[in-house]
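Structure, as structure tokens:
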Amino acid sequence: MVALFPLKSVIIIIIIIMATVEDVLESVTQSQASKYKTIEVQKDIEPQLDLGNLLTVDQNPLDLKKLRGDKEAYLKSQARDNTQLLFNAIWKLPTERVEEAICVKLPETTTVLPREKPIPKAKLQTKWEQYALLKGIQKRKKGRMVWDEEAKDWRPRWGYKRANDETKDWVIEVPGNADPNEDQFEKRMKAKKERVAKNELQRLRNIARGTKSKVPGVGLTPTEKPSKEEVGLALHLAKKSTASLGKFTEKLPKEKEAKHVGKKRKFEPAIGDFKKEKEQQLNIINVMENKKPKMDITKAVNRVMTEVDQEASSDDRRKRAGKVKNRRGPPRKKGSGGFGKKGSGGFGKKGKAGKGKGAKGMGGKGKGKGKGR
Amino acid sequence: MATVMQRIVKPKTQAAKRALDVRSPKLEENDKVAMFIKGGHTSETITQVLKELYLLKKPNAITFKRKNIMRPFDDQSSIEFFSQKNDSSLFLFGSHSKKRPNNLVLGRLYDHHVLDMVELGVVHFRSMQDFPTEKIAMGTKPCLVFEGEAFEQDHEHRRLKSLLIDFFRGVKANNVRLQGLEHVLQFTAIDGKVMVMSYKVLLKKSGSRTPRVELTEIGPALDLEVRRTRLASDDLYKKACKKPKKGKPRKVKNVKTDVFGAKMGRVHMERQDFSKLQTRKMKGLKRQAPSNKENAKKAKTESSEPTAEES
């Protein structure tokens with residue numbers, strides 16, 4: 001027979017048990033907390049964190065007493081505190097699993113650091129690309145393989161074992177109107193060379209157009225059968241190529257005086273940029289009103305700079321009177337106009353073209369000559 | 001010129017083109033490489049300092065074996081030439097003389113021209129060998145800690161801070177393994193001096209997910225005093241810090257991750273004739289041509305018949 005305990009006492013017993021259980025739990029957590037050291041760090045000024053660079057910048061004033069006392073221990077404790085703050089921030093970032101390791105995705109760096117090399121310039125459009133853009137011509141990508149009728153197989157369009165390879169022809173039919181003593185193979189090779197040369201010329205012209213430098217035209221290239229315009233142009237050029245620019249060359253009996261031969265003059269469109277037109281007209285008035293001649297600032301600056309450099313180099317030479325090793329002639333003039341600033345800009349193109357020679361030459365030689373390029 | 005192929009003299013081989021591409025200016029730049037150069041005269045301290053800092057900076061570092069007689073503050077052309085040849089934009093030049101004992105010149109270049117240079121004197125140096133603890137793997141990305149008000153208030157110290165970050169920050173990383181954050185470099189600025197300390201990180205359990213950090217000193221400890229500086233003008237520095245407009249991020253093609261997190265790739269193969277594949281020879285599995293089979297059968301039957309007849 002089970003003795004029935006009174007309900008009240010049962011409830012009381014349960015409450016007592018709960019209370020004791022709570023106490024036990026509290027004591028356990030407290031002991032745990034005291035077992036592990038805290039990750040909290042107290043700082044007067046919050047250090048700036050750059051998580052992308054794993055960087056902490058602490059601006060709090062350093063305790064000079066402690067520094068003089070035990071420097072290493074103090075610095076170590078400071079480092080520990082700052083690293084703890086950094087890690088607290090890093091552990092808050094989203095993590096991902098990458099091949100059995102837990103990785104954290106770092107945000108972008110916030111510290112501004114200088115680049116290694118200048119920002120690359122955008123590619124310039126070639127003449128064809130400009131035209132295609134204007135006309136709306138789309139680029140069609142050609143496939144690599146082409147059907148070769150002779151071999152009855154797919155062959156690459158270009159390169160090793162290409163389809164329709166002209167160089168592999170062991171017999172070439174002489175066309176009806178050609179000279180029988182002409183070497184057709186030579187003719188093919190020459191034509192190929194000319195095409196390659198033309199392509200190279202066009203490429204260089206595109207580059208030159210990009211660098212905004214004046215490129216001389218090719219002029220009249222020799223052709224076997226010149227067209228009517230070419231003959232006319234050749235005649236015009238021949239007439240003009242005299243000491244007095246064709247002023248005293250006699251005209252042939254039925255020769256018509258050629259109009260618009262030579263350079264084309266470019267004019268602004270009649271109704272173009274109103275703002276620009278207004279500016280130009282007002283500028284004319286400004287020029288008329290100016291009684292003083294205008295100063296070309298770049299020229300003036302360059303002149304001053306060359307003078308300063310000449311003085312400096314002459315001083316150096318006087319100092320190094322004993323050492324005759326680096327004797328060069330009179331100091332070289334630095335370029336005008338283009339070389340405005342020293343130590344910045346304008347190095348790119350020239351530097352690349354002459355890099356090997358220029359840099360090596362400067363390496364072991366005297367002082368002041370190393371700067372100008 | 002924008003790309004390598006738009007030069008006046010085009011590269012003739014693919015390898016040359018690739019080499020030029022690596023060195024050409026890009027939107028996303030390579031990690032900066034540092035040159036460690038010894039001057040005309042060096043002391044044991046300086047050579048040891050250079051060696052140890054080289055180990056910290058490896059693999060993005062080049063050490064020059066021979067002594068180079070040059071004066072960075074007088075003539076920068078030598079350094080610029082080296083930078084051009086080695087495609088590196090940071091340098092640390094160590095020398096020793098009576099006037100400037102244990103001298104280090106820390107500098108960086110922009111477009112192969114000297115941007116900033118700071119001359120530091122090594123007042124006190126403790127080598128890595130003086131700390132008999134376990135060291136860290138080469139190439140670990142360090143956590144950097146800068147302390148001291150001078151790093152924010154003084155113009156020269158601010159540039160020095162930027163220079164030190166540039167030099168020691170390591171590889172540019174998007175993802176970092178949490179267990180791999182092992183190295184801490186601490187720079188403290190006091191009274192015109194900079195103390196450099198290097199620690200190894202030990203992660204201890206704490207009550208929460210974030211561990212408790214404990215440090216042990218491992219690496220070289222340097223007491224540096226700031227001597228001369230040659231800093232870039234503000235506008236040149238601004239020009240060098242200009243950020244490019246970000247283009248579209250490149251799409252990575254043919255790589256996917258499945259539901260289980262495994263990385264799957266797609267490889268495009270040309271059509272293969274499986275009967276003519278080069279595999280191991282297994283004679284038993286050799287498929288005989290039908291004509292051969294028939295002949296073999298005939299031969300067998302013929303050989304068996306006469307014997308049968310005979311018998």
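General remarks:
- Taken over the range A:197-226, the criterion of being at pLDDT 90 or above and either surrounded by fewer than 11 Cβ atoms within 10 Å (Cβ to Cβ) or closer than 30 Å to A:LYS251 by Cβ (or both) is satisfied by A:ALA197, A:ASN199.
- Selected residue [on the phi > 0 side of the Ramachandran plot and open to solvent by 100 Å² or more (accessible area, probe 1.4 Å)] from A:LYS123, A:LYS161, A:LYS141, A:LYS135: A:LYS161
- Among the residues of this structure, A:GLU279 does not count as one that is open to solvent by 100 Å² or more (accessible area, probe 1.4 Å) and over 44 Å from the mean Cα position of the chain (by Cα).
- Members of the range B:202-214 that are open to solvent by 10 Å² or more (accessible area, probe 1.4 Å) and of a type outside the set (Ser, Thr, Tyr): B:LEU202, B:LEU203, B:LYS204, B:LYS205, B:GLY207, B:ARG209, B:PRO211, B:ARG212, B:GLU214
- Near pairs, Cβ below 8 angstrom, 6+ apart or cross-chain, from the range B:205-226 (without any contact (Cβ under 8 Å) to a residue 60 or more places away in the chain) to any residue that is among the basic types (Lys, Arg) and surrounded by 16 or more Cβ atoms within 10 Å (Cβ to Cβ): B:LYS205/B:ARG212; B:SER206/B:ARG212; B:VAL213/A:ARG80; B:GLU214/A:ARG80; B:LEU215/A:LYS76; B:LEU215/A:ARG80; B:LEU215/B:LYS200
- One residue stands out in the range A:43-54 among those that are more than 9 Å from chain B (Cβ to nearest Cβ) and under 16 Å from B:THR210 (Cβ atoms): the one that is most open to solvent (accessible area, probe 1.4 Å), namely A:LEU49.
- Test result for A:GLU129, open to solvent by 40 Å² or more (accessible area, probe 1.4 Å) and either modelled with pLDDT of 90 or more or touching an Asp or Glu at 6+ places or on another chain (Cβ under 6 Å) (or both): yes
- Test: B:VAL255 is in contact with a strand residue (DSSP E or B) (Cβ under 8 Å, 6 or more places away or on another chain) and either more than 14 Å from chain A (Cβ to nearest Cβ) or without any contact (Cβ under 8 Å) to a residue 60 or more places away in the chain (or both): yes
- Test: residue in the range A:97-114 that is over 34 Å from the mean Cα position of the chain (by Cα), within 30 Å of B:PHE146 (Cα to Cα) and of a type outside the set (Val, Ile, Thr): yes
- Residues (crowded, with 21+ Cβ neighbours inside 10 Å and either modelled with pLDDT of 95 or more or more than 8 Å from every other protein chain (Cβ to nearest Cβ) (or both)) located in the range B:171-183: B:HIS183
- Scope the range A:88-101; condition of a type outside the set (D, E, K, R) and surrounded by fewer than 12 Cβ atoms within 10 Å (Cβ to Cβ); matching residues: A:PRO94
- Whichever residue in the range B:184-201 is over 26 Å from B:PRO132 (Cβ atoms) and touching a helix residue (DSSP H, G or I) at 6+ places or on another chain (Cβ under 9 Å) and, among such residues, is farthest from the other protein chains (Cβ to nearest Cβ): B:GLY192
- Scan of the range A:165-196 for residues that are open to solvent by less than 90 Å² (accessible area, probe 1.4 Å), touching a residue at least 12 places away in the same chain (Cβ under 8 Å) and under 26 Å from A:LYS152 (Cβ atoms), ordered by number: A:ILE172, A:ARG188
To keep it simple, each residue is scored yes or no on (1) within 28 Å of A:LEU55 (Cβ to Cβ); (2) within 8 Å of chain B (Cβ to nearest Cβ); (3) without any contact (Cβ under 8 Å) to a residue 60 or more places away in the chain; (4) among the charged types (D, E, K, R).
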{"position": "A:LEU93", "(1), (2), (3), (4)": "yes, no, yes, no"}
{"position": "A:CYS103", "(1), (2), (3), (4)": "yes, yes, yes, no"}
{"position": "A:GLU116", "(1), (2), (3), (4)": "yes, yes, yes, yes"}
{"position": "A:LYS121", "(1), (2), (3), (4)": "no, yes, yes, yes"}
{"position": "A:LEU124", "(1), (2), (3), (4)": "no, yes, no, no"}
{"position": "A:LYS127", "(1), (2), (3), (4)": "no, no, no, yes"}
{"position": "A:LEU134", "(1), (2), (3), (4)": "no, no, yes, no"}
{"position": "A:TRP147", "(1), (2), (3), (4)": "no, no, yes, no"}
{"position": "A:ALA151", "(1), (2), (3), (4)": "no, no, yes, no"}
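- Filter result for A:GLU229 (surrounded by 11 or more Cβ atoms within 10 Å (Cβ to Cβ), acidic (Asp, Glu) and in a helix (DSSP H, G or I)): no
- Candidate set: the range B:1-16, residues that are more than 9 Å from chain A (Cβ to nearest Cβ) and surrounded by 15 or more Cβ atoms within 10 Å (Cβ to Cβ); chosen: the one farthest from B:MET195 (Cα to Cα): B:PRO11
- Elements of type strands (runs of 3 or more DSSP E) contained in the range B:53-168, each with 2 or more residues being surrounded by 20 or more Cβ atoms within 10 Å (Cβ to Cβ) and over 24 Å from the mean Cα position of the chain (by Cα): B:113-126
- Within the range A:55-87, being out of contact with any Leu (no Cβ under 7 Å at 6 or more places or on another chain), open to solvent by 50 Å² or more (accessible area, probe 1.4 Å) and within 7 Å of another protein chain (Cβ to nearest Cβ) holds for A:GLN59, A:PRO61.
The values are calculated or read from the model by the stated rules, or taken from the named source; none is laboratory data. The structure presented is a predicted model; accordingly, all values stated were derived computationally and were not measured. Counting neighbours? That spans all protein chains shown, and the Cβs are built from the backbone with ideal geometry, glycine included. We work out accessible area using only protein heavy atoms, side chains counted, and drop any ligands, DNA or RNA first. Shrake-Rupley method; radii C 1.70, N 1.55, O 1.52, S 1.80 Å.
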